[in-house]
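To keep things clear, I will list the structure first and then write my remarks on it.
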Amino acid sequence: MEITITQNEDQWQQTRTNRFTASVIHKLMGSSRSGGLLSKSAETFVYEKAAEILTGIAKPIYGDALDWGKDHEAEAFEMFSKHFFDPFTYYGGETYVFIPYGDYSGYSPDGLSEEAILEIKCPYNSAIHLKNFSIADADSLKSVHPEYYWQMQLGMLATDLPTGFFVSYDPRMPEGKQLHIAEIERHDLQFEIDEKLEAAWELLQTIIHS
């Protein structure tokens, strides 16, 4: 498994620039009403990606929810680690990680062990955290948060690992409700994901070079 680890956020962002990463792969996975491989919303997303590449200006991502998640992720990892003997390496804070998947995609895990990936979510909205307690496996994750389902499925493909853990953490909750952990199994989705990535890449190249 090829893995890039850096303390330089700009270098990490540059590594991801021309790829449809796991955190946004859900935008490609919808069904097309016209029978094509990409839905209209997926095509719109590819045009947005082309604009970022051609201008060198990425759409800014900021806000209270993002800051909250960053501020509490390490604490969530410490809470999670108390439940497992299998050691996980935490990739957060000032450590930026990228694992390529093929030529068009890749994945940045919150943590890895020899057997599993780790995705940590610290919802700013406590109601979302409570809803996350209904997640018990891959199917329920897809129902509640399809974006995280596709993120984790691509993550398991990129790392070639059989399972992953979805963690939801809210320190404002009373004891017993602060942490939820769900083991997410890997589904057989490589063909479907590869097909979408190939179609998106071909459209991206057409937009950029036409």
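Derivation of every value follows stated rules applied to the coordinates shown; laboratory data play no part. Note that the structure is a prediction, hence the values are computed from the model and not measured. All Cβ positions, glycine included, derive from the backbone under ideal geometry; neighbour counts span all protein chains shown.
What to note about this one:
- Spatial extent of the range 1-73: Rg and Dmax, with the Cα atoms as the point set, Å: 15.2, 44
- Trypsin sites (Lys or Arg not before Pro) restricted to the range 26-117 and DSSP loop, no more than 12 other C-beta within 10 Å: R33, K82
- Over 20 Å [Cα-Cα, the chain], rounded percent: 59 percent
- Secondary-structure-derived ellipticity at 222 nm for the chain, considering helices only, amounts to -13500 deg cm²/dmol, per-run term -39500 (n - 2.57) for DSSP H runs with n ≥ 4.
- For the chain, averaging the sequence separation of C-alpha pairs within contact (under 8 Å, six or more residues apart) and dividing by the residue count gives a relative contact order of 26 percent.
- Flagged links, alpha-carbon separation over 29 Å, of K59/K142; K59/K177; K49/K121; K121/K196; K49/K70; K70/K142: K59/K177
- Size check on the range 68-157: the Cα extents along the three principal axes, sorted descending, read 37, 27, 26 Å.
- DSSP-assigned coil residues among trypsin sites (Lys or Arg not before Pro) in the range 156-195, each with at most 14 further Cβ atoms within 10 Å: R172, K177
- Pairs of alpha carbons in the range 130-210 whose separation is greater than 15 Å (percent): 63 percent
- The range 25-118: chymotrypsin sites (Phe, Trp or Tyr not before Pro) in DSSP loop, at most 14 other beta carbons within 10 Å: Y62, F84, F85
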